Amino acid sequence: MNVGSVYRVGVFTIDQSDPLSEAASRMQFNEVGSLAVFEASRFVGIVTERDLVRAMADGIDAEETAVRAYTTEDPVAVTPDTEVAVAAATMWTSACATCRCWWATRSWEWCRRATCWWTWG
């Protein structure tokens, strides 16, 4: 079985130059806990609810601070044709032991500890 047979199509994204307030709005509107961060058309990282909490604790202005300031860069990614066992091994060797069971929920899941993202490629 490959990743393409168990993942949910559709990813919510944000540009790294957008304000953190926009990231929070998109997450709330789409009922997701993270967004793929892009620079033009290049995937550069992720921003999560946890990142937003960290930003608020830092006392930043969410309207003035760009997403790039709280983006986790260089995430590990797999393609749809990757075998689930290989993806799980990648998750494990990247220290993603705390990832939720993405294959059980059939949804996109992020791993903050090692920035693993199961992507379409």
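Things to note:
- Residue check: M56 meets all listed conditions (1) in a loop (DSSP other than H, G, I, E, B); (2) free of Cβ contacts under 8 Å to residues at least 24 places away in the same chain; (3) not small (G, A, S) but one, namely (1).
- Any hit, the stretch 16-27, residues being within 15 Å of Y70 (Cα to Cα), charged (D, E, K, R), out of contact with any strand residue (DSSP E or B) (no Cβ under 6 Å at 6 or more places or on another chain) and part of a strand (DSSP E or B): no
- Qualifying residue in the stretch 20-33 (condition: within 28 Å of T93 (Cα to Cα), under 15 Å from the mean Cα position of the chain (by Cα) and at pLDDT below 90): yes
- The residues in the stretch 12-37 that are out of contact with any Ser or Thr (no Cβ under 7 Å at 6 or more places or on another chain) and within 17 Å of D61 (Cβ to Cβ) can be counted, and the count is 7.
- Count - residues of the stretch 34-66 that are farther than 30 Å from T79 by Cβ, within 16 Å of the chain's Cα centre (by Cα) and of a type in the set (S, T, N, Q): 0
- Residue tally, condition surrounded by 15 or more Cβ atoms within 10 Å (Cβ to Cβ) and not hydrophobic (A, V, I, L, M, F, W, C), over the stretch 34-83: 13
- Taking residues in the stretch 31-52 that are outside any strand (DSSP E or B), and partners anywhere that are polar (S, T, N, Q) and at pLDDT below 90, the pairs with Cβ atoms closer than 9 Å and at least 6 places apart or on different chains are V32/S107; G33/T48; E49/S34; R50/S34; D51/S34; D51/T72.
The values are calculated or read from the model by the stated rules, or taken from the named source; none is laboratory data. Model, not experiment: these values are computed from the prediction. Cβ sites come from the backbone with ideal geometry, for glycine too, and all protein chains shown count toward neighbours.
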